[in-house]
Structures are given as C-alpha cells and as structure tokens.
Amino acid sequence: MSTSFAEISTEKDFVLRVVQPGLAGLMDGSVSTLAPIFATAFATHNSHTVFLIGAASALGAGISMAFSEGLSDDGQLTGRGNPVFRGLVTGLMTFLGGFLHTLPFLIGNVHQALLLAYFVVGVELMVISWIRYRFFQSSFAVSLVQVVVGGALVFAAGVLIGSS
C-alpha cells in the first residue's frame, strides 16, 4: 500500500491524506514550540541560544509528530492512506511550524528578533485559520479565535517561566 500524489484523486482524499496531517503538524509546531522559544528568550536575552533551543524544539517536535502520525493507524480502516506518507507530511509541517518563528533569532538583537517572531507567529496562526476555513468549513473568525487562544496560553506559559 503506497500513497503518491497520483493516487489522490478526490478533494476528500487530499484532505484526509495531505491537508489534515499537514494541518495537525503545522498547528503542533506553531504552538508547542512557543513556550520553549519564548521562555528561553525572556530567560537568557540571547538570540543565539534562543535559535538553538527553537531549532532543537522544532526538529524534536517534527520527528515526534512524524512517528505519532505514522504509527497512529495503517490507513486501511480510516482511508487516510499510507502511514509513512502521512507521517512525513505531519513531521515536515510540524518542523516548519516551529522553525519559522525560530528564524528571527538569527538576528543578534533579541528585542528585534522578538518583534519579528511575534509577527511570524501571527502569520502562522492566520494561515492555520485559513486552512481550517478553506478545507474544513470552519468559520475563519472562530478558527482565528481558537488558535489565538491556544497560542496565547502556550506563549504566556513560556513568558512566565522565562521571566521567573
């Protein structure tokens, strides 16, 4: 059993085999890495250290989510397609979601990096909301509120821990 883009014949197949695992990864990567990245930024005020923690968090989360999705079901019962393909999609999107807001910390000035990272996180949350709106018929406004609340809780945890 293999899944290739040639075998994805309907929008439903595309949603089940690509969009849903990709969205799960993007959401996890974008939100779960906020706490370690911002805790490190507020604790150390060192962009290089934040970048290293962010890169490690994004990579670790990507690997973890790839295995989690790949081992969650074989695709036979659910029709979700090849588990290795879904795992790769999920893992790559998890890494991307965590790494995008890590990139600003290549800037040496941690305060400038933080401002850019805040913007990147905002864009990530808007993209997640749009994907939910486009493929899952969710209200864009409701999706945005949901992902912002989740992101804000994780961000606040990171800031509180990093500032203690």
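A short reminder: the numbers here are calculations on the coordinates, not readings from a lab. Just so we're clear, the structure is a prediction, and the values are computed from it rather than from any experiment.
Rg and Dmax in Å for the chain, alpha carbons only: what are they?
Using the Cα atoms of the chain, the pair Rg, Dmax is 16.8, 52 Å.
Filter the DSSP H helices in the chain by two things, a Kyte-Doolittle mean of at least -0.5 and an axial alpha-carbon span of 30 angstrom or more, and list the hits by number.
Those that clear 30 Å and a mean of -0.5 are 47-72, 110-136, 140-163.
Would you work out the Kirkwood radius for segment 77-124? I mean one over the mean of 1/r across all pairs of different Cα atoms, in Å.
It is 12.4 Å.
What translational diffusion coefficient, in µm²/s and rounded to a whole number, does the Stokes-Einstein relation yield for segment 32-104 at 20 °C and a viscosity of 1.002 mPa s, taking the hydrodynamic radius as the Kirkwood radius over Cα pairs?
Diffusion coefficient, whole number: 166 µm²/s.
In deg cm²/dmol and to the nearest 500, what is the mean residue ellipticity at 222 nm of the chain if only DSSP H runs of at least 4 residues count, each as -39500 (n - 2.57), divided by the residue total?
Here the helix-only value at 222 nm equals -25500 deg cm²/dmol.
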